[in-house]
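Report on the structure given below.
The values are calculated or read from the model by the stated rules, or taken from the named source; none is laboratory data. From a predicted model like this one, the values you see are computed outputs, not experimental measurements. Side chains are part of the model used for accessible areas, which takes the heavy atoms of the whole protein and leaves out ligands, DNA and RNA. Shrake-Rupley method; radii C 1.70, N 1.55, O 1.52, S 1.80 Å.
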Amino acid sequence: MRLAKIIELKFKELFNETPLIIRSPGRVNLIGEHTDYNMGFVLPAAIDKAIYFAITPRNDDDCVVFALDINEEYKFGINNLKKSKKGWPNYLMGVVEQLNVSGYSLKGFNCVFGGNIPMGAGLSSSAALEAGLAFALNYIFNFGIDKLKLVKMAQKAENKFVGVECGIMDQFISLFGKSGNVLRLDCRSLEYNYFPFNFENISIVLFDTCVSHSLAFSEYNQRRKECDEGLKVIQKDFHHFQNLRDVSIDLLNENKAKLNKIIYKRCEYVIRENERVLKACTALENHDLAAFGSLMYKTHEGLSKNYEVSCKELDFLVDLTKDNPHVFGSRMMGGGFGGCTINLIENDSIESVNKMIAAEYNKRFNIEAKIYVTKISNGTNIIDVNENEKA
Ligand code: GLA
C-alpha cells in the first residue's frame, strides 16, 4: 500500500476524521555545499523520498501528534512548548513557536506523520518535517502565508527551537522543489532559477555510508565561525564586503598573510565552491555532463582537504567511482562526517556499479552500504491519496 494511504488510515483509526494529506520531500544537493550560510549559491533538488502528514484542525489548544514510523504519540499545548528529550517533537514545536511569535492565532491540531526519508543520511528529513508542518498549518488555518515566509519560519524553527544553526537550503528546496528540475538559489537575495536536469540515461544515485560521526554538530557550527572569522579579517580593509561570497579568490590570496592557515583554507573552499555552482549551471545549460561531473569531484576534494568535513567512509566511496567510466560525478553531500555520497551514474550500469560499491565498502568497513536511486520530485504539496502521485 502507498505510504500516504497508510498514514491516512492510521489517522482515521486514531481520530475518526478524514484528514488533509500533505507530502513534504527530502532533498539532494548537486553542488554548492556549505555555501548557504555564507550567503552564496546552492543547487539542490527535492526527491521522491518524503514525509506524509495527515492533519485536521481542533477547536482547543491541544496538539496531538503521532509518529507512525516509531509508533510514538506526543501531546503539547499551543502555548506550552517545552523542548522534548525525544527529539522529533522539537521540529514540530519549533514551527508552532514560529507561528506564535509571528502573531498567527493558531489552534490545536491532530496529526499522523511518517515517511521514507532515511534518518541521519543527510537527506534533510528534519527540513521536510518543518516545511511540511508549516505548510499544513498555514493551509488548515487559512493564514495565507506565502511560501518564502514558510521557508524562513521552518528554518528558524530549526535554528531557535532545535538549536541547529543550519542555513536556508534544505527548507527552501523542500517547499520550492520542482519535478525534473534542480534549483539554483542565491542564498542572499533568495532569487532562484530552475534548471531542467534531463540527462535521459543518467540517474542520481546515493550511497549511504550508514555512519554518522558525532563531530557533525559541533564541527558544522565551528565551520560557520571560521568563515565569519575570515570575513572579519578581510572586512578590516574592505568594509563594503558583506559576506564571503563577495570576496574573489584573487583578493583572498592578496590577503593570505593576514589569515591563519586553517581560516584561509576554509575561505578558499567557500569562494571556489560558489564559482563551481555557477559553472555547473552553465554545464547544465550546455548539457555537458562531463563538465558537471568533474566539478562535483572538485567539490569533494575541497570538502575533504580544505573544508575538512568528510570522513574516511565518504572518501572511500568517492574514490571507488573515480576510474569508473559509467560514473560521471561523485561527492559527499550535506553537512558531512557521514551520510551519503551523491553520484551521477549511467542507467545501464547502475546495477553493476552498485554491486561493486556495496561489495568493496563491506570488505573495507564491514558495513552494508544502503543505496538509493532517486528521482527529482515536486516540493511540499497537498496530495490526493487516491490518485497516483505525480511527483
Ligand atoms: C546541512 C544544513 C544546510 C547546509 C548543508 C551544507 O544540510 O542544514 O543548511 O548548510 O548542511 O551545505
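Dividing the helix sum by the residues of the chain, where each DSSP H run of 4 or more adds -39500 (n - 2.57), gives a mean residue ellipticity at 222 nm of -12500 deg cm²/dmol. Note on the chain: with a GNM built from Cα contacts shorter than 10 Å, the maximum mean-square fluctuation among Val96, Val42, Val162 falls on Val162. Apolar share of the accessible surface for the range 235-299: 51 percent from carbon plus sulfur atoms, 1.4 Å probe. With contacts taken as Cα pairs under 8 Å and at least 6 residues apart, the range 137-296 reaches a relative contact order of 14 percent. Atom-type composition of the exposed protein surface of the range 95-201 places 45 percent of the accessible area on carbon and sulfur (1.4 angstrom probe).
Enter the accessible area per residue of the range 277-391 (Å², integer; probe 1.4 Å; all protein chains in place). Heavy-atom SASA per residue in the range 277-391 reads 46 Å². Result for the chain in a Gaussian network model with C-alpha springs under 10 Å: among Lys236, Lys107, Lys305, the largest mean-square fluctuation is at Lys236.
Specify whether the C-alpha gyration tensor of the range 125-186 places it in the rounded, prolate or oblate class, a ≥ b ≥ c being the square roots of the eigenvalues: rounded for a/c under 1.5, otherwise prolate if a/b is larger than b/c and oblate if not. Note, shape of the range 125-186 comes out oblate.
Considering only the range 34-119, what is the antiparallel percent among its DSSP beta bridges, to the nearest 5?
Values: 14 of 19 bridges.
Within the range 34-119, antiparallel bridges account for around 75 percent of the total.
Please enumerate, by chain and number, the lysines with C-alpha under 16 Å from the C-alpha of Lys375, excluding those fewer than 8 residues away in the same chain. In chain and number order, the partners are Lys49, Lys178, Lys390. For Ser102, nonlocal amide neighbours, meaning residues 5 or more places apart or on other chains whose placed amide H falls under 5 Å from its own, do not occur. Take the alpha carbon gyration tensor of the range 202-374, find the square roots of its eigenvalues, order them as a ≥ b ≥ c, and report rounded if a/c is under 1.5; if not, report prolate when a/b exceeds b/c, else oblate. In terms of gyration-tensor shape, oblate. Stretching the chain fully between Tyr192 and Ile249 yields a gain of 18.1 nm (0.36 nm per residue, less the alpha carbon separation).
The residues of the range 142-216 expose on average 42 square angstrom of accessible surface per residue, using a 1.4 Å probe on protein heavy atoms.
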